[in-house]
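Here the structure is laid out as structure tokens; the discussion comes afterwards.
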Amino acid sequence: MTFAKRFDHVGITVADLDAATAFFVGLGLKAGEKMPVEGEFLDTVIGMSGARVEIVMLHAPAGGTTLELSSFTRPDHLPGSPAAPANELGLRNVAFEVHDLQAAVDHAAAQGYGLVGGIGEYEGVWRMAYVRGPEGIIVSLAEQIAK
């Protein structure tokens, strides 16, 4: 039996929701309204009492899976590993196909976000780079160079 119907979203908890949202909007994603969520539903799902979170849903122009950024106002967020290497267990990266990899990397650099390594090319078909985004999130940017 198959339980999954479709891939809906990836959720990332951040301390600075506005800065993280601005980073992804700068890559071309469209942000929805900032929404507060609290109450019995949230408490039940996350297993905490009295929680409150603000979320922003971001969508790529071509559609597909959405990105949910959330920031807890209650309880305080717990620190993560902002300098985690690519081989640390857990969510490794969030990936986007871009039109112009170098321009996207340059844009991120202008915002203060650098490369984790370098720009690599895979079998003459893809160029890819990991950018260390806000709060240490590794963002994979890929450009198809041949079909």
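The values are calculated or read from the model by the stated rules, or taken from the named source; none is laboratory data. Predicted, not measured: the structure shown is a model, and the values here were computed from it. Glycine gets a Cβ as well: all are built from the backbone with ideal geometry, and neighbour counts include every protein chain shown. Keep in mind that these areas ignore ligands, DNA and RNA; they rest on the heavy atoms of the full protein, side chains included. Shrake-Rupley method; radii C 1.70, N 1.55, O 1.52, S 1.80 Å.
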- [ ] Please work out which one of (1) on the phi < 0 side of the Ramachandran plot; (2) open to solvent by less than 60 Å² (accessible area, probe 1.4 Å) is the condition GLU88 fails and give its number.
- [x] (2)
TODO: Could you run through region 33-86 and say how many residues are part of a loop (DSSP other than H, G, I, E, B) and either within 21 Å of PRO134 (Cβ to Cβ) or in contact (Cβ under 8 Å) with a residue 12 or more places away in the chain (or both)?
DONE: 20
TODO: Pull up region 80-108, narrow it to residues that are modelled with pLDDT of 85 or more and among the charged types (D, E, K, R), then point me to the one that is farthest from ASP16 (Cα to Cα).
DONE: ASP100
Task: Pairs where the first residue, in region 118-135, is touching a residue at least 24 places away in the same chain (Cβ under 8 Å) and aliphatic (A, V, I, L, M) and the second is buried (at least 21 other Cβ atoms within 10 Å of the Cβ) and in a strand (DSSP E or B), C-beta under 7 Å, 6+ apart - done: MET128/LEU141; ALA129/LEU141; VAL131/VAL139; VAL131/LEU141
Open item on the list: Quick check on region 134-142. Is at least one of its residues open to solvent by 60 Å² or more (accessible area, probe 1.4 Å), in a strand (DSSP E or B) and in contact with a Lys or Arg (Cβ under 9 Å, 6 or more places away or on another chain)?
Closed with: no
- [ ] Quick one: count up the residues across region 1-21 that are touching a residue at least 12 places away in the same chain (Cβ under 8 Å) and either small (Gly, Ala, Ser) or in contact with a Gly (Cβ under 7 Å, 6 or more places away or on another chain) (or both).
- [x] 4
